[in-house]
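Following: one structure in structure tokens, then a few remarks.
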Amino acid sequence: MALPPGFLDELRGRISLARVAERKVSWDPRKTNPGRGDFWAPCPFHQEKTASFHVDDRKGYFYCFGCHAKGDAIDFVRETENASFIEAVEILAAEAGMPMPAPDPRAQERAEARKTLSEIMEAAVAFYRRQLSGGRAREARAYLDRRGLDAATQQRFEIGYAPGGGKALHQALAAQGIAPALMEEAGLILPLDSGRDPHDRFRDRIMFPIRDARGRAIAFGGRALDPDQSAKYLNSPETPLFSKGHTLFNVGPARSAAGKAGTVIVAEGYMDVIALVQAGIEHAVAPLGTAITEDQLALLWRMADEPVIALDGDAAGQRAAHRLIDLALPHLAPGKSLSFAVMPPGQDPDDLIRAGGVAAMDRVLKAARPLIDLLWDRQRDAHQLDTPERRAGFDRDLRRVLERIADATVRRHYEMEFRRRRAELFAPPAKDGPRRFGRGSRPAMPAKPTPATRASLLARSDFSDLSAARLRESAILLGCINHPRCAFELEALLEHTNFRSADLEALRLALLEALPECLAAEDPAAALSTALAGRGHAGTLEALPRLPQLRFNPRLQKSARPEIARQAIEEELRKALAQSGIEAEIAELPQALNDAPEGQLQWRLREAAEARISALRGRRDAGDSATVENQSLEEYFRGLKEDESWLKKRR
């Protein structure tokens, strides 16, 4: 909304910032000098005991010497009331007696119409409130007593009762001169049909007024007392005042309380919010009978950076959590996320507080889990991970989830965290146990090969030579560090390649973690080197280019053309992956000899050898290595069979 020139200056001139601020702070009498317009207090924006918050009332500005918060009266209201700019202006204008300017005549007409409807809604609130103390509301009062709502809470939430019969409200409002058409527009009576008498929308229900952020009555929620009524809870229809997807129950009081608490609790319904507030947790809200919408999510994020969603512990609660996660993913931003507090099975916040008091609720809220935890659990539990294809499907779905996060910084940190969790998921067990595949797994070689295998190619070549493996791993890392964009393009291969050398493996994991944040730098290679050194790998970084085989390799240097460097890195990565495949087969042979047919094992070894030969193609010394490799693997297989120390007796 555009404001006319001079309006804000006039507003600031009419408002005393000290008067506005003293609603939230207590002035320090030792430092405050009201005659000079000089006020001091402990800061309302951060926890402190000393008076470092200063208001210069004559100039209309505040400043905190502790947290450096600063601004004018509008800024103060925005921060302490969690209000938007226009909302803060409206609050201050009302205090100053200044009408908000209407942008055009039609807008003024709409504002007047809304004011009229709001006045009608206030009359309905008062009517329902009076009915709660009447003889027809005996069962309503008994229900509220059973739910533990004391008189103060009922007064605070203005809980009322809509009598049965269907005409009580209509008659009461008509007696005040309110036309049925306006009652219908406010959603208080059913649509008027020709020849039909007006009927109240809410009948024999406990009534909960719904107010907007400024405290204006805009709608009702009604809880049925008759179990045969079609809807247990009934909300007002959409009206010029009310759109259920754009507001929250208790939003006004909770917005102010959230500023002090630092968060906001989102419960499922009215009774949960009322129970939380009665227990002293005043920063609680609820959606209005539907799943949380994008507008409500934006409203929650204006109230707190990380709202806590209090969910029932049943399957429906979990489904609601996942729907909200899917809604939130495209809108996540730095500092803006969600947490989820899962209630014990079969209990909602109201049940939990009545059973265990506010302490029980506090424990659940303190144990709230961040959004990424529930997202990871959902993705992991949706997949079986016992085959390469299923693990590949898991990786694919993780990438699809990440693609939905629009903010590049948040997406990068999710990528890093998913990578870390994936490494833990696929890591081998610490001791004997079922073998798991994935990043971080490193199959062990048999400790004592038989004489029949000692002279084989497996024992003589770089296939089992740790120094050759270290050279290859060093080459991969040097190429990646000198060409970060190439490394990013080959990230999937790099993730699945496990290094034998412990220091190089640690550097590989650190590189994967640091890579995304360095690509946007002016010099990605320099930024990556700095990031890796800062993670404790300076010594390993210095050693890489000193290796003679790498120092004089032009394909890995910074001066190499990117396409040449990428080809070199990919070639070594594929060799390392093929090597790991053969080693995995060899590591499983002793056990597999007892569990699988001989022909199947020979086929598996042959497949692993062919994968390695495919990776070695292009080397000038490859020659007939496929045949030699295959023969050596079969010799190794026969040697294991002949060596009784590797065999377990078959049953």
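Taken together, the values in this text are just the output of simple stated rules run on the coordinates, not laboratory data. Here the structure is a predicted model, which means the values were calculated and not measured. Cβ sites come from the backbone with ideal geometry, for glycine too, and all protein chains shown count toward neighbours.
Tabulated values for the structure
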quantity	calculated
Ratio of the Cα radius of gyration of the range 341-404 to 2.2 N^0.38 Å, where N counts its residues	1.62
Principal axis dimensions, largest first and in whole angstrom, of the range 383-426 by Cα	33, 19, 11
5 angstrom amide H check on Ile309, placed H, neighbours 5+ away	Val266, Ser339, Phe340, Ala341
Set Lys31/Lys336; Lys115/Lys366; Lys167/Lys244; Lys59/Lys260 screened for pairs whose C-alpha atoms are more than 30 Å apart	Lys31/Lys336; Lys115/Lys366
Loop trypsin sites (Lys or Arg not before Pro), the range 525-578, which have at most 14 other Cβ atoms in a 10 Å radius of their Cβ (DSSP)	Lys558
Net charge of neighbours whose Cβ lies under 9 Å from the Cβ of Gly479, counting Lys and Arg as +1 and Asp and Glu as -1	+1
Residues with amide H under 5 Å from that of Phe220, placed H, sequence gap 5 or more	Ile210, Ser236
All Cα pairs of the range 7-96, percent lying beyond 18 Å	38 percent
The range 105-235, dipole about Cα centre (Lys/Arg Cβ +1, Asp/Glu Cβ -1), debye to the nearest 20	360 debye
About the Cα centre, charge dipole magnitude for the range 251-369 (Lys/Arg +1, Asp/Glu -1 at Cβ), debye	320 debye
C-alpha center-to-center spacing [the range 516-572, the range 306-374] in angstrom	44 Å
